[in-house]
Structures are given as structure tokens and as C-alpha cells.
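Enquirer: The structure's right below; bear with me while I get my questions together.
Read the figures in this text as sums done on the coordinates, not as results from a lab. What you are looking at is a predicted structure, and each value in this text was computed from that prediction instead of being measured. Here Cβ is always computed from backbone atoms with ideal geometry, including for glycine, and neighbour counts include all displayed protein chains.
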């Protein structure tokens, strides 16, 4: 039988490690939510995402459309009194959902010279952000 508490803790730690942010440092002030321009489209507010990550109710976060709606505009990071970058947390949640543990990691050395010349820089940067950690 799988210990769901250990699985939840492992997933939460993976997310925190990937984004290099300590969700437990969030004091739930709500400034991230107040500054977010896409809040009206979210099913969970940025503050609630942090709360669920703190409380270990990860399934709510993983089932939410909020990480996909986040515009990564960094308004939340600019206003956070604890210097947390919630955009990075959202990106880590997206990566967790997209890439299974142990998946192949993308590195520039593995791409051919031809591929590096053909791919648009934005695609390369996005790919390295998603698949390099």
C-alpha cells in the first residue's frame, strides 16, 4: 500500500526543488492575488495555490487550471513581502504535470548544430527552462 502522505511530501519537495522557492515561507498576505492580471480566469487564486502546497492538498493544485493560466508576468514576485516568485512555482507545477520523474533532460550539447540553427530562440529557451532541471 502506498503511503499517500509520503507521496504528497515527495511531490511537494520536487516542486519546491524545481522552482527553488520555499512555499512554507508564504504568509498568505494575498498581495500575489491582488496584483495578478489574470485572476478572473483562475479557479484557484495564487494565494490558494500556495496554501494548498503548504497544507499538502496537492491534488487540488494538480487538478487546477490556474498554473496553466499564469502569464508569468512576475507581478506576484514584485509585490511579495517574502520575496517568493510564485510564477516560478506555477512553472514548476506545469513541469511536474508535463514531465514524469526521471524523464530525459534537455541540454544544448545533445542538440545538433543544424537543429540549433533552425529552432527559434524562444523555443530553445522555453525547452531549456522546462527540460533542464
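Enquirer: Please compute the contact order of region 4-98 in relative form: average sequence separation of alpha-carbon pairs under 8 Å and at least six residues apart, divided by the residue count, as a percent.
Expert: Result for region 4-98 is 35 percent.
Enquirer: Between residue 27 and residue 60, what FRET efficiency comes out of the Förster formula 1/(1 + (r/R0)^6) with R0 = 22 Å and r the beta carbon distance, rounded to 0.05?
Expert: Result of the calculation: an efficiency of 0.65.
Enquirer: Using the alpha-carbon centroid of each, what span in Å lies between region 57-98 and region 1-37?
Expert: Answer, in whole Å: 9.
Enquirer: From the Cα gyration tensor of region 4-98, with a ≥ b ≥ c the square roots of its eigenvalues, which class applies: rounded if a/c is under 1.5, or else prolate if a/b is larger than b/c, or else oblate?
Expert: Prolate, because a/c is 1.5 or more and a/b exceeds b/c.
Enquirer: Moving on. For each of 49, 27, count neighbouring Cβ atoms within 10 Å of the residue's Cβ, then give the residues from fewest to most.
Expert: 27, 49
Enquirer: In nm, to one decimal, how far is the residue 17 label point from the residue 69 one, both placed 7 Å along Cα→Cβ?
Expert: 3.1 nm
Enquirer: Quote to one decimal, in nm, the extra length available between residue 39 and residue 4 on full extension: 0.36 nm per residue of separation minus the C-alpha distance between them.
Expert: Once the chain is fully extended between residue 39 and residue 4, it gains 9.5 nm.
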